[in-house]
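Report on one structure; see the data block that follows.
Just so you know, all these numbers are worked out from the coordinates, no wet-lab data involved. The structure presented is a predicted model; accordingly, all values stated were derived computationally and were not measured.
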Amino acid sequence: MAIEAQPMGVVRVARQVLSTIVINSALQIPGVVRIAQGQDQWARLRGREIPRRGVALTIRENTVSADLYIVVNVGTNIVEVGTAVQEEIASAIEDMVGMQVREVNVYIQDVV
């Protein structure tokens, strides 16, 4: 008697879960101080609106694109921090959720 796998239903991951994965992954990178918040007055004056939680996601089928706004420590190599954040986020989304990552755009909003 052969046993066949039967699908039990659908597993859907909420957008909020993906945002949390992005934020937690970024905060693990040395040099990242915090996620920039949407209430940032300076960003608004510069003509760039920051999403409320500092993350904007675009999801199409099984592919994710993320925009992340962060604040980094003064004296760190900003390019290295940004690249590490991109790699960590892409890896976390692919490993935890199994979705493909099209791009991760990191915007450095401030250095403190």
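Under the rule of at least 5 residues apart or a separate chain, name every residue whose amide H is placed under 5 Å from the amide H of residue 102.
Excluding prolines and chain starts, which carry no amide H, the hits are 64, 65.
Contour minus end-to-end for residue 112 and residue 91, with contour as 0.36 nm per residue of separation and end-to-end as the Cα-Cα distance?
Details: separation 21, 0.36 × 21 = 7.56 nm, distance 2.71 nm.
Answer, rounded to one decimal: 4.9 nm.
Give me the percent of DSSP beta bridges within region 32-111 that run antiparallel, rounded to the nearest 5.
So the antiparallel bridges amount to about 45 percent of the total.
Only Cα pairs under 8 Å and at least 6 apart count here; give the relative contact order of region 32-111 as a rounded whole percent.
Details: 124 pairs, mean separation 26.6, N = 80.
Averaging sequence separation for qualifying contacts and normalising by length gives 33 percent for region 32-111.
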